[in-house]
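**Student:** Sending over a structure as structure tokens; questions will come in a sec.
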């Protein structure tokens with residue numbers, strides 16, 4: 001919901017960073033992999049109760065996710081790089097709540113499972129439509145810079161980052177935050193399934 005407004009605001013800053021990395025011969029795929037590796041360190045940090053460390057890992061991961069796209073566009077975006085970026089993003093998003101479940105299984109596991117399951121819905125609807133949109137050469141005007149058709153919704157990247165950050169800052173409220181965001185993801189899935197079906201049917 002917010003990506004189309006937030007991303008254009010931060011792209012100039014990311015582009016500056018990407019140009020510097022490009023000058024020193026850092027590739028987009030390298031940034032993707034390093035960002036993912038730092039991101040998954042949030043899981044053991046959360047499992048051991050170090051939520052601020054997990055927040056730092058989250059921030060680095062998301063900055064890297066913005067930089068790799070800008071870096072790719074400085075050369076020529078590749079299907080392999082797009083595949084790597086999207087796959088590792090989905091793994092990271094699904095793995096992050098696991099850290100809270102490991103920290104306090106009795107209290108957090110059910111909400112974490114609900115959230116991860118809701119991510120399956122948003123991810124499956126996103127990727128299924130993107131593959132068929134590519135087949136039919138359907139383009140997104142709002143997200144033309146994306147490697148795949150970006151079917152937007154209530155819960156997108158910006159909302160997910162805010163949700164994860166709130167979890168790290170307010171770990172005692174994890175159950176509430178995770179449950180509310182999972183419900184938002186369910187609504188996003190329903191909207192994507194309906195709008196995606198109607199778009200392809202027409």
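The values are calculated or read from the model by the stated rules, or taken from the named source; none is laboratory data. Values in this document were obtained by computation on a predicted structure and should not be read as measured data. Here the Cβ positions follow ideal geometry from the backbone for every residue, glycine too, while neighbour counts run over all protein chains shown.
**Student:** Any residue that is closer than 17 Å to residue 159 by Cα, free of Cβ contacts under 8 Å to residues at least 40 places away in the same chain, out of contact with any strand residue (DSSP E or B) (no Cβ under 7 Å at 6 or more places or on another chain) and surrounded by fewer than 21 Cβ atoms within 10 Å (Cβ to Cβ) - is there at least one of those in the range 32-40?
**Tutor:** no
**Student:** Of the numbered conditions (1) on the phi > 0 side of the Ramachandran plot; (2) part of a helix (DSSP H, G or I), residue 49 fails exactly one; give the number of that condition.
**Tutor:** (2)
**Student:** Which one of 58, 21 is surrounded by 14 or more Cβ atoms within 10 Å (Cβ to Cβ) and under 22 Å from residue 184 (Cβ atoms)?
**Tutor:** Testing whether each residue is surrounded by 14 or more Cβ atoms within 10 Å (Cβ to Cβ) and under 22 Å from residue 184 (Cβ atoms) leaves just 58.
**Student:** Which condition number in (1) over 20 Å from residue 171 (Cα atoms); (2) crowded, with 17+ Cβ neighbours inside 10 Å is the one that residue 93 fails?
**Tutor:** The number of the failed condition is (1).
**Student:** Let me ask something additional. When you scan the range 71-78, do you find a residue that is surrounded by 15 or more Cβ atoms within 10 Å (Cβ to Cβ), in contact (Cβ under 8 Å) with a residue 12 or more places away in the chain and not in a helix (DSSP H, G or I), even just one?
**Tutor:** Yes - at least one qualifying residue is present in the range 71-78.
**Student:** Looking at residue 13, is it assigned to a helix (DSSP H, G or I), touching a helix residue (DSSP H, G or I) at 6+ places or on another chain (Cβ under 9 Å) and surrounded by fewer than 16 Cβ atoms within 10 Å (Cβ to Cβ)? So that I can check it myself, show each step before the final result.
**Tutor:** Details: assigned to a helix (DSSP H, G or I): yes; touching a helix residue (DSSP H, G or I) at 6+ places or on another chain (Cβ under 9 Å): yes; surrounded by fewer than 16 Cβ atoms within 10 Å (Cβ to Cβ): yes.
Judged against the criteria, residue 13 is a match.
**Student:** So residue 71 clears everything in (1) more than 26 Å from residue 163 (Cα to Cα); (2) in contact with a helix residue (DSSP H, G or I) (Cβ under 7 Å, 6 or more places away or on another chain); (3) modelled with pLDDT of 95 or more except one condition, right? Which one?
**Tutor:** (3)
Okay, residues lined up against (1) under 16 Å from the mean Cα position of the chain (by Cα); (2) in a loop (DSSP other than H, G, I, E, B); (3) within 23 Å of residue 46 (Cα to Cα):
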| position | (1), (2), (3) |
| --- | --- |
| 162 | yes, no, yes |
| 166 | yes, no, yes |
| 173 | no, no, yes |
| 177 | no, no, yes |
| 182 | yes, no, yes |
| 193 | no, no, no |
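**Student:** Could you please let me know if residue 56 is in a helix (DSSP H, G or I), free of Cβ contacts under 8 Å to residues at least 12 places away in the same chain, more than 14 Å from the chain's Cα centre (by Cα) and within 18 Å of residue 158 (Cα to Cα)?
**Tutor:** For residue 56, the condition - in a helix (DSSP H, G or I), free of Cβ contacts under 8 Å to residues at least 12 places away in the same chain, more than 14 Å from the chain's Cα centre (by Cα) and within 18 Å of residue 158 (Cα to Cα) - is met.
**Student:** Touching a residue at least 12 places away in the same chain (Cβ under 8 Å), outside any helix (DSSP H, G or I) and out of contact with any strand residue (DSSP E or B) (no Cβ under 8 Å at 6 or more places or on another chain): does that describe residue 26?
**Tutor:** Judged against the criteria, residue 26 is a match.
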